[in-house]
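The values are calculated or read from the model by the stated rules, or taken from the named source; none is laboratory data. Just so it is clear, the model here is predicted, and its values are computed rather than measured. Here the Cβ positions follow ideal geometry from the backbone for every residue, glycine too, while neighbour counts run over all protein chains shown. Please note that ligands, DNA and RNA were not included when accessible areas were found on the heavy atoms of the full protein model with its side chains. Shrake-Rupley method; radii C 1.70, N 1.55, O 1.52, S 1.80 Å.
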Amino acid sequence: MRRKIFAGNWKMHKTAAESEGLARDVVEGLRAHPTSSEVVVCPTYVALDRVAAVLTGSPVLLGAQDMHWESQGAYTGKISADMLQAVGVTYVIIGHSEQRAYFHETDETVNRKARKALAGGILKPILCVGETLQERETGLMEKVIQTQIRGAYAGIAASEALHTVIAYEPVWAIGTGRNASPEQAQSVHFFIRELLASLYDRSVSEAVRIQYGGSLKPENALELLSQPDIDGGLIGGASLKADAFLGIIASS
Ligand code: PGA
């Protein structure tokens with residue numbers, strides 16, 4: 001039985017002080033209504049330290065929104081896995097479609113980052129995949145997802161793959177208010193699980209959690225989260241309000 005995992009992707013929202021407040025609301029909400037799911041919040045880099053302090057002693061884990069694959073060096077503007085780990089980060093989002101669309105993320109850089117995150121058990125990557133509307137409409141969806149998954153996991157051993165999470169986020173559903181239907185999402189999640197079985201084996205494919213992301217909200221969460229291969233969510237807009245984030249978690 002896979003434990004569901006919910007991650008709030010706060011993107012480029014909220015100052016450090018605002019992030020601290022939101023984290024506190026999430027922690028208090030979960031104290032009042034505990035969940036059996038794993039809960040992660042991913043603030044901006046400058047808020048990590050302050051949010052880490054709020055999360056101490058709570059079951060909520062800290063995540064980051066990206067990382068570089070080198071440990072240190074002349075990479076202006078970048079941050080390393082070791083630095084993230086040092087402030088208490090457990091999970092790191094890698095290959096988000098916004099990174100792919102605006103900041104030249106490729107399957108190769110996703111793979112480099114994932115391998116670095118996993119090396120020596122530093123961080124657990126949340127590996128994002130998803131097709132654009134055009135790719136879906138022209139019948140390329142499975143090929144795109146397959147290429148992204150194969151690329152992300154190149155050179156990653158089965159023992160490491162067990163520490164990864166996949167987020168299936170159809171690009172056309174992100175921030176648009178238009179979510180994938182439960183059937184659409186389930187069929188891609190199933191496809192991804194079969195891919196993992198072919199890359200590794202059944203024990204890996206049955207263990208790796210696959211989140212759905214894209215306009216997830218309390219109103220559509222129950223239907224999506226009750227699908228057999230949907231193991232939680234990567235949540236953008238709705239995670240910026242504690243009530244909505246907690247509402248999604250509570251509906252699982
Ligand atoms: P959304 O974003 O929930 O606002 O659609 C999801 C994401 O980009 O991770």
Worksheet item: Of the numbered conditions (1) away from the ligand (no atom under 11 Å from the Cβ); (2) open to solvent by 10 Å² or more (accessible area, probe 1.4 Å); (3) among the charged types (D, E, K, R), residue 178 satisfies every one except a single condition; which is it?
Response: (1)
Discussion item. Going residue by residue through region 70-91, is there one that turns out to be within 16 Å of the ligand (Cβ to nearest atom), within 22 Å of residue 23 (Cβ to Cβ) and in contact (Cβ under 8 Å) with a residue 40 or more places away in the chain?
Written reply: yes
Worksheet item: Quick one: in region 228-240, which of the residues that are closer than 14 Å to residue 185 by Cβ and either open to solvent by 10 Å² or more (accessible area, probe 1.4 Å) or not aliphatic (A, V, I, L, M) (or both) is farthest from the chain's Cα centre (by Cα)?
Response: 228
Worksheet item: Looking at (1) more than 16 Å from the ligand (Cβ to nearest atom); (2) under 16 Å from residue 94 (Cα atoms); (3) surrounded by 18 or more Cβ atoms within 10 Å (Cβ to Cβ), which is the one condition that is false for residue 147?
Response: (3)
Discussion item. Suppose the filter is out of contact with any Pro (no Cβ under 9 Å at 6 or more places or on another chain) and closer than 20 Å to residue 6 by Cβ; does residue 174 pass it?
Written reply: yes
Item to complete: Just give me the residues in region 213-227 being within 19 Å of residue 129 (Cα to Cα) and either touching a residue at least 40 places away in the same chain (Cβ under 8 Å) or open to solvent by 20 Å² or more (accessible area, probe 1.4 Å) (or both), in sequence order.
Response: 213, 214, 215, 224, 225, 227
Worksheet, complete the sentence: Looking across region 94-131 at residues that are β-branched (Val, Ile, Thr) and within 22 Å of residue 193 (Cβ to Cβ), the single one that is farthest from the ligand (Cβ to nearest atom) is 110
